[in-house]
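Every number in this text was worked out from the coordinates using simple rules, so none of it is lab data. Everything quoted here is computed from the prediction, not taken from an experiment. Here the Cβ positions follow ideal geometry from the backbone for every residue, glycine too, while neighbour counts run over all protein chains shown.
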Amino acid sequence: MENKGTPSDMLERIVRAKQAEVTAAQREISLNRMREAAEARRNVRPFFDALKAPGPSGVNIIAEIKRASPSKGVIRRDLDPGRLAESYAAGGARAISVLTEKSFFLGSADDVKQARLASGLPVLRKDFIFCDYQVYESAAMGADAVLLIVRILDQQRLADLIQLASSLRLATLVEIYTEADLDAAGRAGARLVGINNRNLTSFETDLGHTLKFLPLLQPGQVAVAASGIKTREDIRRYQAHGVFNFLIGESLVRSESPEDFLRMLQGKN
């Protein structure tokens, strides 16, 4: 795992590392071969459909598999993606998010494959995606959705990647942090909008951040609150403002019983 570096340059460092990783990957598997593998994919699970309305508990949780992060270091050394995904499914998660970035988050494509096989749930590939190759790669590894971070994409590239993902029957979770991000997401046609409570420059978290953007969502857009959500009270606070989708990672990965923790977050015990 790479050194953390200073918060102000962290996102830039992650993207640079990812660019080098993609360049190396294309030397192993060409764009054309990756496209062929992606287009041959048949079994795609409905990620957006799982989140477009409240589930049986009134809460939809995207449970995340994350080995490490730049801000916290290694979160769980003995993480078993398949076993954790199985626990998430048993606890009532509606979908699973898997960090695949390897230099800073210690993830891999194999984590997606194991999580999907063990859980039966739709799986989001969470990474720093900026090009067509990565979208094809996501489909080929078995992801049902991809994360697109507005901050690292220009307007045209964001729209193009959403369209490409759609052509492969992949959903997109479009992550925003600022009002300008939300505007760009709307113009690009984003339907599922992840509002990140964590500033990717400083890695500071503010749980009130999501609430500022809810009135600005376009009709038909669905919000996902992400980062820093740890308690049933956090969930209730958001529900009172109409939010029913939550992406939860670190607190689940650290919990002794992810299944019980998920049930608690949904008010089931």
Would you count, across segment 7-265, every pair of lysines whose alpha carbons are under 16 angstrom apart, provided the pair is eight or more residues apart or spans two chains?
-> 11
Modelled FRET efficiency - R0 22 Å, H241 with L216, Cβ distances, 0.05 increments | 0.95
Taking amide hydrogens as modeled 1.01 Å from N in the peptide plane, which residues meet the under 5 Å criterion relative to I65, leaving out close sequence neighbours?
-> S97, V98, L99
What Rg and what Dmax come out for the chain when only alpha-carbon atoms are used, in angstroms?
-> 17.1, 51
For segment 155-169, Karplus couplings with θ = phi - 60° (6.51, -1.76, 1.60), whole Hz, Gly/Pro x = 4, 5, 5, 4, 4, 5, 5, 4, 5, 5, 4, 4, 5, 9, 6
Tell me, what is the percent relative contact order of the chain, built from C-alpha pairs under 8 Å that lie six or more residues apart?
-> 21 percent
Between A53 and R33, what is the spin-label point distance in nm, taking each point 7 Å from the Cα along the Cα→C-beta axis?
-> 4.5 nm
